[in-house]
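The values are calculated or read from the model by the stated rules, or taken from the named source; none is laboratory data. These numbers come from a predicted model, not from an experiment. Here the Cβ positions follow ideal geometry from the backbone for every residue, glycine too, while neighbour counts run over all protein chains shown. Quick note on the areas: whole protein, heavy atoms, side chains included, nothing else; ligands and nucleic acids left out. Shrake-Rupley method; radii C 1.70, N 1.55, O 1.52, S 1.80 Å.
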Amino acid sequence: MPELVVDFITSLDGCASARGWPGWWGLEGPEYLAWLGENPEGEYLILMGAKTYRLMYGFTREGEPGTDVLGGMSKVVFSSTLAEPLEWENSTLVPGDAVEAVRKMKNTDGRSMRTIGSLTLCRSLLEAGLVDRFRVVMFPVITGATGDERIYDGYPDVALDMTDSRTFDGQIQLVEYVPTVLDGPPGTS
């Protein structure tokens, strides 16, 4: 069965972005960019929402380091605000329920998938029990005053079993888990 990987890039305090900071908080290094260039899960179908689509397409047009590989990848965009045809090559619009669409893709298409950004989409896919791996790349900054898009607000309780970890450029941490959505804290059910 195909897998679904939720893939986040965050500050240490769990923000997806911060006002005034450059992409990757200005800390992307050669090891991290090389790993991105190796294109982990490069054959996977990329899932995203409209906001992430607009942001990432803008980054690729501006030549943001590490984003050039995204153009050739197949992308599914879940949105009720965008309209066909989408400008970014290899992008398909799905206007309906994302959870049901992903469930169907996992059961019938045979192609593994991963997300980029898309906080609301990722939360709904996790809550629906569709996420097989949860990967977070944490950059060594705390964006308490300028941080935006707190990733885990509104999430259910989730147990995480670590399957991988790695350090890039002596400071950027990758951690990867198998998630299990919990009904509440352990021992309360």
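Observations, loosely collected:
- Residue within the stretch 166-174 that is in contact with a helix residue (DSSP H, G or I) (Cβ under 7 Å, 6 or more places away or on another chain), farther than 26 Å from Trp24 by Cα and of a type outside the set (A, V, I, L, M, F, W, C) present: no
- Meets criteria (modelled with pLDDT of 95 or more, of a type outside the set (Lys, Arg) and surrounded by 15 or more Cβ atoms within 10 Å (Cβ to Cβ)) for Leu130: yes
- Output for the stretch 57-80, where each listed residue is open to solvent by 30 Å² or more (accessible area, probe 1.4 Å) and under 25 Å from Met105 (Cα atoms): Tyr57, Val69, Gly72, Ser74, Ser80
- Scan of the stretch 6-45 for residues that are in contact with a Ser or Thr (Cβ under 7 Å, 6 or more places away or on another chain) and either of a type in the set (A, V, I, L, M, F, W, C) or not in a loop (DSSP other than H, G, I, E, B) (or both), ordered by number: Val6, Asp7, Ser11, Cys15, Ala16, Ala18, Trp21, Trp25, Leu45
- Filter result for Met48 (modelled with pLDDT of 95 or more, under 17 Å from the mean Cα position of the chain (by Cα) and open to solvent by less than 20 Å² (accessible area, probe 1.4 Å)): yes
- Taking residues in the stretch 83-97 that are in a loop (DSSP other than H, G, I, E, B), and partners anywhere that are surrounded by fewer than 16 Cβ atoms within 10 Å (Cβ to Cβ), the pairs with Cβ atoms closer than 7 Å and at least 6 places apart or on different chains are Glu89/Gly71; Asn90/Gly72; Asn90/Ser74; Pro95/Ser80.
- Pairs, first free of Cβ contacts under 8 Å to residues at least 40 places away in the same chain in the stretch 120-143, second open to solvent by less than 50 Å² (accessible area, probe 1.4 Å), C-beta under 7 Å, six or more apart: Arg123/Tyr155; Ser124/Ala98; Ser124/Val99; Ala128/Val99
- Matching residues, the stretch 113-127, being within 19 Å of Asp161 (Cβ to Cβ) and open to solvent by less than 30 Å² (accessible area, probe 1.4 Å): Arg114, Cys122, Leu125, Leu126
- Residue match in the stretch 60-67 (condition: at pLDDT below 90 and at positive phi): yes
- Check on Glu87, under 18 Å from the mean Cα position of the chain (by Cα) and of a type in the set (Asp, Glu): no
- Residue list for the stretch 55-71, filter: small (Gly, Ala, Ser) and assigned to a loop (DSSP other than H, G, I, E, B): Gly63, Gly66, Gly71
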